[in-house]
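Enquirer: Structure below; questions to follow.
The values are calculated or read from the model by the stated rules, or taken from the named source; none is laboratory data. The shown structure was predicted, so the numbers you read here are calculated from the model rather than taken from an experiment. Here Cβ is always computed from backbone atoms with ideal geometry, including for glycine, and neighbour counts include all displayed protein chains. For accessibility, only protein heavy atoms count, side chains too; no ligands or nucleic acids. Shrake-Rupley method; radii C 1.70, N 1.55, O 1.52, S 1.80 Å.
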Amino acid sequence: MKEYNHLKIEKKIQENWKKKEIYKAKDFKGKKYYSLIEFPYPSGDGLHVGHVRGQVAMDIVSRKRRMEGYNVLYPIGWDAFGLPTENYAIKTGKRPKVITKKNTDTFRKQAKSLGISFDWSREINTTDPAYYKWTQWIFLQFYKKGLAYKAEIPINWCPRCKIGLANEEVVDGKCERCGEMTERRMKNQWMLAITKYAERLDKDLDLVDYPERVKSSQRNWIGKSEGSEIDFKITLPKNSEKLLSRFSHSNLTTDNESNIAYKAESTSQNFLGVLKVFTTRADTLFGVTYVVLAPEHDLVQKLLPNILNKNEVSKFIDEIKKKSELERTGENKEKIGIELKGIKATNPANGEEVPIWIADYVLANYGTGAVMAVPQHDTRDRDFAEKYNLPIIDRPLVDIQEITKKVGGKMVTKFKLRDWVFSRQRYWGEPIPLVNCDKCGLVPLSEKDLPLKLPEVKKYTLTETGESPLAGISKWVNTKCPKCKGKAKRETDTMPNWAGSSWYYLRYIDPKNKNKFVDPKKLNYWSDVSNKDLKAKSYKLKAGPVDWYNGGMEHTTLHLLYSRFWHKFLYDLKLVPMVEPYKKRTSHGMILGAGGVKMSKSLGNVVNPDDIIKTYGADTLRVYEMFLGPFEDGAIWNTESIIGSRRFIEKVWRIGEKIVTKQTNNFRNCALGDKRTGDPHVSENCLSASSLALKKLLHKTIKKVGEDIESMHFNTAISSMMILATEMEKSEFINTDDFKKFLQILAPFAPHMTEELYKQLTINNYELKIKKEKIISSIHLSSWPKYDENLIKDDEVKIAIQVNGKVRAEIMIQVSESEEIIKEKALKNEAVLRFINGAEIRKVIYVKNRLINIVI
RNA sequence: GCCCGAGUGGCGGAACCGGUAUACGCGCACGACUUAAAAUCGUGUCUCGCAAGGGAUGUGGGUUCGAUUCCCACCUCGGGCACCA
């Protein structure tokens, strides 16, 4: 045994793992555990230290589960469709497929060099036709159920590049490439009706174990709110003089029968329509002084003939429509609007006629696209009222439910969530598998024609009209209708990069299946659904197949929500057994560069894991990243501190070396066993006080590390192992079995070094030679050590003695000693007496095994 | 503006359920080993004070025998959402 050479050891151990396939998950074998990380986008920059953090954390969990006897599925794949690859292809002329191949090769090599225990036999790639066949297939199921539909919606249009941009490509309202301000333009887009699942996506968060911040962020995004829908009748103004006088003299009663009666009057020939508003504050109905419609509201066009200032209004609407989302909703944007002159709305609560306005601060796609304005209670309405000199009146509040009922409205639930814009005018994505037939209209491809492969193109840039590059390949576009065999054209849009990642966790279960997206039997196994469960149907309102899913906070409202939506849809089609895909979700914080800034190429502060592995080794990098700080928080990278983790690894190595070369006294040489600890190898005689203390410390550490891994407190787990290593190195006597237990709990963190030492120790273990036991193949398949309850209890503890809450002395006590005796001891203590100084003792508080507080 | 999260040494951070604040690591200083250096090991390292002792967990209050922990107000930073009626 020689000096610790991480390069040699790690290479050797990794080759051995590969040969023996020890991380392969086997279907239908024993109790399963499914741990998952978000599969990375294989960018040209290679693996980031941030990826490493998440992969290592779940690797630790997965390794511990294996040692606990679970059949663990810890898979990996590539979320490879996406813009950076496509942009790189445009710039270099290289084929996206080739770029992706190169990048995934790099990522794979890097993950392997980190010693992550992925099951490489299940690797998937979203750009592989064998994979996206099923992405397209699921899309067609959405289509068949009417949940995938086409709609004219506004997109971000860059007037200089003459292309439509995805929201991700618009930065501060400007085109990411040329910096031109983008405009809104109407375009026919594919949509997925996620809003149909809004209620369930909100409610079912109760069924899963997600961090509170993730749940609240999703709930925020879904934006459920309960309110009232109330109708305002629109009429030509009548009795305007009478109304004005009413307005100024009306008393402040809230329960006004004559006002309600007034409602009937308005159903005259002046009636023009009904304006439905949504409000969460129906209680303020008596404070309404005007109503506002979104400029895009359908009713506006219908009312136009009756509006006196229709030219001005039309002009106003045109201007608003041209504006981008940012211009319209940007920060501190001043609200603009225009009154629809010549018509009035009637407040159903008191029959008052109020003016009707349209304004940019009312959104067409939320609620009913119209609001009742109560400047007294709403700051936005107040701003607007002040600007346009609209009345602001104060009226008493009434009961929401009561008033809603009284005015003939109803209580409703609304969501902020909007349907998902599912098409991209891009090349590097899954083609949408439908054709437009002149005769039959939109026709989906049949399953046997899937996958609809992405064709090769010469240019990846968009066409002149802003369509996908696919639109330029007439050979591909012009096809036959699957239904009537007549002429048809393919859809040329592709899916967003969120498509492939919405169901990938299911494919890992059965990655090579050619006939189904996943085999239901395998899915049931990996979801822990037994035949018995199937009969009882008790499993449905649970989450699975994934037991533990770790990923970044940045995916909380997009990927995580989208994949929950797809899963629920598949559940409704009876294709997956449970309503939720992920039982438990955790999120890690970002790793930042020095000074707490994001790592970026332009700042030159990007840390390449390859360099760290080369210099310090994968084990050191793994320990370092886990030791950085609390896993769920962000962390600041500091290359200078890595040395601490390396020292720790080397320290453990030195202890191992000492044992292997027999430079230490080993309890094993003592005969008989130890009755107290039940360890057959340890004799009572050999167990000196110091070595018993070491044994106790070991068992406490086993307990702590086990618990800390479960709660992802990796930093404190490592800290406790550092303490143990220091104590072991100091100790004259080290029990080989005890040291092996230490190696086992360290193994998930530093899998290479511990594997090597474990092997060395096993080979050198003379008892095993005597027993002719088989040499254990890998520490990672050994059993997670159990701690001894008796050994984690202390017989003696140090407690503090406080006088008036201040620590004045410390004493050792036996745990078995009674409270009275301990208090007596404390009151006799010299230092304590000095502070009491004859004063009257009012109270003595004893906290078991902690402290005594004497109040004087 | 709203919703989360967080403020502890020179730095990253510990502290269970309200019970000895500053574990562990980095850095720094000194010492041992060495011809020397590196590595390693040891000692020290919040602050004021010679000491006895006092003061410190963003700030100011409160509850309590006792508060980093609970409550109220405020300040700062990070993240998310943002004209959502």
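Enquirer: Are there any strands (runs of 3 or more DSSP E) wholly within the stretch A:777-856 with 1 or more residues that are buried (at least 16 other Cβ atoms within 10 Å of the Cβ) and touching a Gly at 6+ places or on another chain (Cβ under 7 Å), and if so which?
Expert: A:851-855
Enquirer: Out of the residues in the stretch A:169-208 that are at pLDDT 90 or above and assigned to a strand (DSSP E or B), state the one that is surrounded by the fewest Cβ atoms within 10 Å (Cβ to Cβ).
Expert: The qualifying residue surrounded by the fewest Cβ atoms within 10 Å (Cβ to Cβ) is A:MET191.
Enquirer: Which strands (runs of 3 or more DSSP E) does the stretch A:506-603 wholly contain that include 3 or more residues that are over 20 Å from A:SER121 (Cα atoms)?
Expert: Strands (runs of 3 or more DSSP E) meeting the threshold: A:548-552, A:580-582, A:585-588.
Enquirer: So if I check each of A:GLY50, A:GLY30, which one is of a type in the set (Gly, Ala, Ser) and part of a helix (DSSP H, G or I)? Reasoning before the result, please.
Expert: On the way: A:GLY30 fails: part of a helix (DSSP H, G or I).
Answer to the check: A:GLY50.
Enquirer: Here's something else I'd like to know. Within the stretch A:38-52, is even one residue within 25 Å of A:LEU743 (Cα to Cα) and touching a helix residue (DSSP H, G or I) at 6+ places or on another chain (Cβ under 6 Å)? I'd like the intermediate steps shown before the answer.
Expert: Initially, the stretch A:38-52 is screened for residues within 25 Å of A:LEU743 (Cα to Cα), giving A:52.
Adding the requirement that they be touching a helix residue (DSSP H, G or I) at 6+ places or on another chain (Cβ under 6 Å) leaves A:52.
The answer is yes; a qualifying residue exists.
Enquirer: Where the second residue is aromatic (Phe, Trp, Tyr) and the first is under 13 Å from A:LEU36 (Cβ atoms) and lies in the stretch A:583-595, which pairs have Cβ atoms under 6 Å and are six or more apart or on separate chains?
Expert: A:LYS584/A:TRP548; A:ARG585/A:TYR210; A:ARG585/A:TYR549
Enquirer: Using the structure shown, decide if A:GLN110 is open to solvent by 20 Å² or more (accessible area, probe 1.4 Å), under 23 Å from A:ILE642 (Cβ atoms) and not β-branched (Val, Ile, Thr).
Expert: Here the answer is no, as A:GLN110 does not meet what is asked.
Enquirer: Tell me, yes or no, whether the stretch A:648-661 has at least one residue that is assigned to a loop (DSSP other than H, G, I, E, B) and modelled with pLDDT under 85.
Expert: yes
Enquirer: On to the next question. Out of all the residues in the stretch A:626-649, which are surrounded by fewer than 21 Cβ atoms within 10 Å (Cβ to Cβ), within 6 Å of RNA strand B (Cβ to nearest atom) and in contact (Cβ under 8 Å) with a residue 60 or more places away in the chain?
Expert: Those that are surrounded by fewer than 21 Cβ atoms within 10 Å (Cβ to Cβ), within 6 Å of RNA strand B (Cβ to nearest atom) and in contact (Cβ under 8 Å) with a residue 60 or more places away in the chain: A:GLY629, A:PRO630.
Enquirer: May I pose another question? Confirm whether A:ILE13 is surrounded by 20 or more Cβ atoms within 10 Å (Cβ to Cβ), modelled with pLDDT under 95, of a type in the set (A, V, I, L, M) and more than 19 Å from the chain's Cα centre (by Cα). Outline the logic, then answer.
Expert: Details: surrounded by 20 or more Cβ atoms within 10 Å (Cβ to Cβ): yes; modelled with pLDDT under 95: yes; of a type in the set (A, V, I, L, M): yes; more than 19 Å from the chain's Cα centre (by Cα): yes.
Judged against the criteria, A:ILE13 is a match.
Enquirer: Then there's this: Open to solvent by less than 10 Å² (accessible area, probe 1.4 Å) and not in a helix (DSSP H, G or I), is that true of A:ALA80?
Expert: yes
Enquirer: Quickly run through the stretch A:460-506 and pick out the residues that are open to solvent by 60 Å² or more (accessible area, probe 1.4 Å) and either under 32 Å from the mean Cα position of the chain (by Cα) or of a type in the set (Val, Ile, Thr) (or both).
Expert: A:THR465 - this is the single residue of the stretch A:460-506 that is open to solvent by 60 Å² or more (accessible area, probe 1.4 Å) and either under 32 Å from the mean Cα position of the chain (by Cα) or of a type in the set (Val, Ile, Thr) (or both).
Enquirer: Consider A:GLU353 against the criteria (1) at pLDDT 90 or above; (2) within 27 Å of A:LYS416 (Cβ to Cβ); (3) more than 14 Å from RNA strand B (Cβ to nearest atom): it satisfies all of them except one. Which criterion is unmet?
Expert: Unmet for A:GLU353, out of (1) at pLDDT 90 or above; (2) within 27 Å of A:LYS416 (Cβ to Cβ); (3) more than 14 Å from RNA strand B (Cβ to nearest atom): (2).
Enquirer: Do the conditions hold for A:LYS535, that is, is it surrounded by fewer than 21 Cβ atoms within 10 Å (Cβ to Cβ) and in contact with a strand residue (DSSP E or B) (Cβ under 9 Å, 6 or more places away or on another chain)?
Expert: The answer is no for A:LYS535.
Enquirer: Let me ask something else. Going by the conditions given, is A:ILE734 buried (at least 19 other Cβ atoms within 10 Å of the Cβ) and in contact with a Pro (Cβ under 7 Å, 6 or more places away or on another chain)?
Expert: No: the conditions fail for A:ILE734.
Enquirer: Let me ask you something else. Starting from residues that are out of contact with any Asp or Glu (no Cβ under 7 Å at 6 or more places or on another chain) and part of a helix (DSSP H, G or I), keep the ones in the stretch A:209-219 and report whichever is most open to solvent (accessible area, probe 1.4 Å).
Expert: This residue is A:GLU212.
Enquirer: Test A:LYS133 against the criterion of being over 30 Å from A:ILE13 (Cβ atoms) and assigned to a loop (DSSP other than H, G, I, E, B), and give yes or no.
Expert: Answer is no for this residue.
Enquirer: Also, I was wondering about something else. For the structure I just gave you, tell me whether A:VAL607 is in a loop (DSSP other than H, G, I, E, B) and modelled with pLDDT of 90 or more.
Expert: Numbers: in a loop (DSSP other than H, G, I, E, B): yes; modelled with pLDDT of 90 or more: no.
Spelling it out, it is not the case that A:VAL607 is in a loop (DSSP other than H, G, I, E, B) and modelled with pLDDT of 90 or more.
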